[in-house]
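Notes for the one structure printed next.
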Amino acid sequence: MASAAGLFWLEAGPGPGRVGLYHHDGGTVRALEGVGESLGSRVNGYGGGTLAALPETVVAVTETQRLVAVEPVSGRCRVLAAEPGVAWGGLVPDPRRERVLAVREEASGQCLMAVDRRGRRQCLHRGEDFYGAPALSRCGRWLAWVSWRLPDMPWVRSRLWLAELNADGHPVAVRPCPAPASGSVQQPVFDDTGLWLLSDHAGWWQPWRVDPASGAWQAAPAPPLDHANAPWQLGERHHCPLPGGGWARVRYDQGIGTLWLSPAGGQACPVAVGDCTDFRWLCRWRDQLLCVARSPDRFDAIVAIDPRSGRHRRLAGGESPPGRPLPRPRSFIVPGPEPVQGFFHTAVPERPRPPVILMVHGGPTSATYPVYDPHLRFWRERGFAVAEVNYRGSTGFGRSFRQALAGHWGQREVDDLIRSARHLGALGWVDRDRVLIQGRSAGGYSTLLALAASDVFLAGASLYGVTDPRSLRRRTHRFESGYLDWLLGDPDRHPMRWRARTPRLRAAAIRAPVIFFQGGRDRVVVPEQTDAMVRAMRAVGGRVEQWLFEDEGHGFRDRRNQARMLVRLHRFYRRACRRAGAGGAKLS
């Protein structure tokens, strides 16, 4: 996030789960310590849009959901809003009116809100179930935003809104601006020619221009590729107008992101930023394009790119991790009527047919990318290969592929995981007798059902995984309250489907040993989900190991607990692999 005051970003610190605010003034980088607590939005449970940079201050959301203004020179922090039970996110600057626009969330719902430098608030729009981060034209006249209604998720169906702002900064002539066909729209942004956004109503998240006056839609030249990911968080930016005209956009092809620059009136060209394979949070600062660039063998970096020459320089991050360089992951395709793509990370040092851990991404409407992950390095340096699969339902492969899990969760992605394990064995890349599988959250659900459906896996691990979707449906938060019905169908109309795809009820079918990790403060997948699964497996003689981390929530944030989890998981996998010599799982 950038303004005349400089460049601002969030960075995870060395403490347990602490996220700090950093400032670059064009010469030096320093931490702004005045906030006094970690930063991060909690809107929809996943946050996003935590910062908005004004000409002289940056406004941020703290972990306790206070809205604060920080002066970068003095470091002084002022509280703009602090309301119990309220979360803020999707912050956008409105520099002409010296205020920020934001999504405000409370138990009863959400609204679009403006908050000025004195903390005075003005509601801009309400009545929709959910709101995305708004977009403001440079002249301050036009306002655009995206909304969606239950039971939809924002990547299933959403709609665009437009309004003019009067002299008081209040929307007038508010109207929806429907796309030519039903679909998901995201990331509205203005340039000097009008409003642009990414819409998948034609099959892919591609750029479209909308005339604010008439509401007419016009497609921009673009290949049939997704130009964004599923919008789990607010305020993501995969496209950005360039200084002097033209656009920067990200394209995803077979799980890899590439950055493309399209000068005004010119041809789009890819820009090589080292070995980077993903790009997020595009923005302008002075005459440069900035983004967060990610690569397979370095930490995330903030990179400045000259739009004219394509030359780039690193402003922060991007260091090489300790230890020797590791081979880059290989992309692979699992053939069949429904091909799926994945990434294979070799064991280090490389050796014939190592044991492999099939890691199942969460979501499930998410994806895996070939970017640095210290957990992958941990396994590779200990002699394990790792495979990650973009099963049907993953993002980055078009709308039809992404929608494939509608009514088929627990079935299609499970088939893809089993096919992937067999394919890697057939290639000779891994030991057929030592194929392990693990997943987090929704990935843990798919892991358990894969173990129940096939004997190809030697052992498995569920990290705060879903074990009883009907129980989760009763307790899940508002944002995902319609998600399970989309994934599995209406439970009243399809009760047998829900039973067949409930891991707890399939415990007797799981023959392989399973280890479970759970956070005691998890409010998404509550501890009872794991406890019930462990009881069910033990009741039928299953081999189970369970670890509870009392102070963790959904996703372990304390690095010490992450290390403890890895050590215990490594011990578990080593025992399983030693037993494989006495008749382990076979790949048919």
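Extension gain Asp455-Ala213, at 0.36 nm per residue separation less the Cα-Cα distance, in nm? Intermediate results must be reported in sequence, preceding the final value.
Details: separation 242, 0.36 × 242 = 87.12 nm, distance 6.03 nm.
Taking Asp455 through Ala213 to full extension adds about 81.1 nm, to one decimal.
What whole-number value in cubic angstrom gives the convex hull volume per residue for the C-alpha atoms of region 81-214?
Working: hull volume 13.7 nm³, N = 134.
So the per-residue Cα hull volume is 102 Å³.
Efficiency by 1/(1 + (r/R0)^6): what FRET value for Asp490 and Arg382, r their Cβ-Cβ distance, R0 = 51 Å, to the nearest 0.05?
Computed FRET efficiency for Asp490 and Arg382: 0.70.
Set Lys and Arg Cβ to +1 and Asp and Glu Cβ to -1, take the dipole of the chain about its Cα centre, and tell me which of Trp260, Val68, Phe556 lies farthest positive.
So the residue we want is Phe556.
If amide hydrogens are placed 1.01 Å from N in the peptide plane, which non-local residues have theirs closer than 5 Å to the one on Trp196?
Val189, Phe190, Asp191, Val210
Once the dipole of region 452-588 is set up with Lys and Arg at +1 and Asp and Glu at -1 on Cβ about the Cα centre, which of Pro503, Phe572, Val525 lies farthest towards its positive end?
Phe572
Roughly how many Å is it from the Cα centre of region 1-70 to that of region 419-484, as a whole number?
Region 1-70 and region 419-484 have Cα centres separated by 35 Å.
Hey, how much of the P(r) for the chain falls beyond 45 Å, as a percent of Cα pairs? It would help to have the intermediate numbers written out before the result.
Details: 26580 of 172578 pairs.
The proportion of pairs with Cα distances above 45 Å equals 15 percent.
About its Cα centre, what dipole magnitude does region 330-582 give when the only charges are +1 on Lys and Arg Cβ and -1 on Asp and Glu Cβ, stated in debye to the nearest 20?
Numbers: 42 positive and 24 negative charges, 97 e Å.
Its charge dipole is roughly 460 debye.
For Cα pairs less than 8 Å apart in space and 6+ apart in sequence, what is the mean separation divided by the residue count of region 2-133, i.e. the relative contact order in percent? Walk me through the intermediate numbers first.
Values: 320 pairs, mean separation 21.6, N = 132.
This gives 16 percent for region 2-133.
Please compute the contact order of the chain in relative form: average sequence separation of alpha-carbon pairs under 8 Å and at least six residues apart, divided by the residue count, as a percent.
Values: 1416 pairs, mean separation 44.9, N = 588.
Relative contact order for the chain comes out at 8 percent.
Could you work out how far apart the two model spin labels at Asp116 and Glu71 are, taking each label as a point 7 Å from the Cα in the direction of the beta carbon, and quote it in nm?
Between Asp116 and Glu71, the label points sit 1.9 nm apart.
So how much slack lies between Arg96 and Asp306, counting 0.36 nm per residue of separation and subtracting their Cα-Cα distance, in nm? It would help to have the intermediate numbers written out before the result.
Numbers: separation 210, 0.36 × 210 = 75.60 nm, distance 2.74 nm.
Contour length minus Cα-Cα distance gives 72.9 nm.
Dipole magnitude of region 1-126 about its Cα centre, charges +1 at Lys/Arg Cβ and -1 at Asp/Glu Cβ only, in debye to the nearest 20?
Values: 15 positive and 13 negative charges, 77 e Å.
The calculation lands at about 380 debye.
5 Å is the cut-off here: which amide hydrogens, built 1.01 Å from N in the peptide plane, fall below it relative to Leu124, excluding neighbours closer than 5 in sequence?
So Leu124 has HN proximity to Leu112, Met113, Ala114.
At most 15 other Cβ atoms within 10 Å and a DSSP loop assignment: could you name the trypsin sites (Lys or Arg not before Pro) in region 76-109 that fit?
Counting only loop positions with at most 15 other Cβ atoms within 10 Å, the trypsin sites (Lys or Arg not before Pro) in region 76-109 are Arg76.
If amide hydrogens are placed 1.01 Å from N in the peptide plane, which non-local residues have theirs closer than 5 Å to the one on Gly363?
Counting only residues 5 or more places away or on other chains, the set is Ala442, Gly443.
Take peptides 313-321, 510-518 and line them up by average Cβ neighbours within 10 Å, highest first, as a rough protection proxy.
My ranking of the peptides, most packed first, is 510-518, 313-321.
Determine the gain in length on full extension of the stretch Ala500-Glu164; use 0.36 nm per residue of separation and subtract their C-alpha separation, reporting nm with one decimal. List each step's numbers first, then the result.
On the way: separation 336, 0.36 × 336 = 120.96 nm, distance 5.13 nm.
Fully extending the segment from Ala500 to Glu164 adds 115.8 nm.
Would you kindly derive the ³J(HN,Hα) couplings of region 546-552 from the backbone phi angles with the Karplus curve 6.51 cos²θ - 1.76 cosθ + 1.60 (θ = phi - 60°), listing them in order in whole Hz, with x for Gly and Pro?
10, 10, 10, 10, 4, 8, 9
What dipole magnitude, in Debye to the nearest 20, does the chain give about its Cα centre under +1 on Lys/Arg Cβ and -1 on Asp/Glu Cβ? Could you put the intermediate results ahead of the total?
On the way: 79 positive and 56 negative charges, 318 e Å.
It comes to approximately 1520 debye.
Readers should treat all values here as calculations from the given coordinates under stated rules, not as data from a laboratory. These figures come from a predicted structure and were not determined experimentally. Virtual Cβ from ideal backbone geometry, glycine too; neighbours counted across all protein chains shown.
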